[in-house]
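In what follows, a single structure is set out as structure tokens and then discussed.
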Amino acid sequence: MAVLIHDCPHCTTAKVGFAIIGGKPRPYLPNTEVAKPIVSIGLECPNCQKTASATIQYKKNLSGHSVSAIVESLPKAHDSLPNLLWDLLEFWPRVQPPRIPEFLPKSVEKAFVQGETNLALPGCEEPAATMFRRALDLGLKIRFPDLKGDLYKKVDKLASDHEIPLSLAEWAHEVRVIGNDGAHDLDGCNTDDAQAAHDFVDAVLRYLFSLPGMIAARRRIETSEETEDDGAEREPQ
């Protein structure tokens, strides 16, 4: 069958060969007998079996009666669309990049991205939760190198020392895979557990790294603007 090579917006697999499961030509514009036909196609990811759709255009002009035949041949072809003279115009749903908190240390960002990637994959809840825990653990070690204890105790200590809001510590009590100590306690982790870990870790990292980073960036801009204004005032008239 013909395939469309594209990143899957559902399971996030990169450059997967989507199977074309059907197509429908779009109507020709009025008063046009020959044109490069535009076709809407249905697609299926071979990894997660979820569907997508795309709009493609043939690279050559075809008369109206030839379009249906070439579209019907797509599911039976054994090649990729570019080799079959089709251009991709639009793909839906669009692949959304992961929302990563800003100003994270590289090791923390790497772990968080790995958690995001696994969270989107079917049956990968445990590795997702594990990487979110790792992102949080690394972040706390970098931000508070003298902080002792497991994740749960560290979060409580930060709240008692007013380094984070008490609400975040109370939230940690509700997130099972954060309260548990050790990766072995993630056995049986479900999607809700992994999503809860994501949401909690995302909030903590934004509070500890993103907000201070944004404030520092804003102050640098203001300082630069003030310096420029002072320089302009000193210029001779």
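For this structure, a couple of remarks:
- Qualifying residue in segment 48-60 (condition: buried (at least 16 other Cβ atoms within 10 Å of the Cβ), over 30 Å from Ile215 (Cβ atoms), among the aliphatic types (A, V, I, L, M) and touching a His at 6+ places or on another chain (Cβ under 9 Å)): yes
- Here the condition is being under 15 Å from Phe132 (Cα atoms), modelled with pLDDT of 90 or more and surrounded by 11 or more Cβ atoms within 10 Å (Cβ to Cβ); of Asp193, Asp181, Asp185, it holds for Asp193 alone.
- Within segment 125-138, tally of residues that are buried (at least 19 other Cβ atoms within 10 Å of the Cβ) and either under 16 Å from Gly188 (Cβ atoms) or in the same structural domain as Pro9 (by TED's automatic domain parsing) (or both): 6
- Taken over segment 139-155, the criterion of being in contact (Cβ under 8 Å) with a residue 12 or more places away in the chain, surrounded by fewer than 19 Cβ atoms within 10 Å (Cβ to Cβ) and out of contact with any Lys or Arg (no Cβ under 9 Å at 6 or more places or on another chain) is satisfied by Ile142, Arg143, Asp150, Tyr152.
- Test for Asn118: is it of a type in the set (S, T, N, Q), modelled with pLDDT under 90 and under 15 Å from Pro25 (Cβ atoms): no
The values are calculated or read from the model by the stated rules, or taken from the named source; none is laboratory data. No experiment lies behind these values; they were computed from the predicted model shown. Ideal geometry is used to build each Cβ from the backbone, glycine not excepted, and the neighbour counts take in all protein chains shown.
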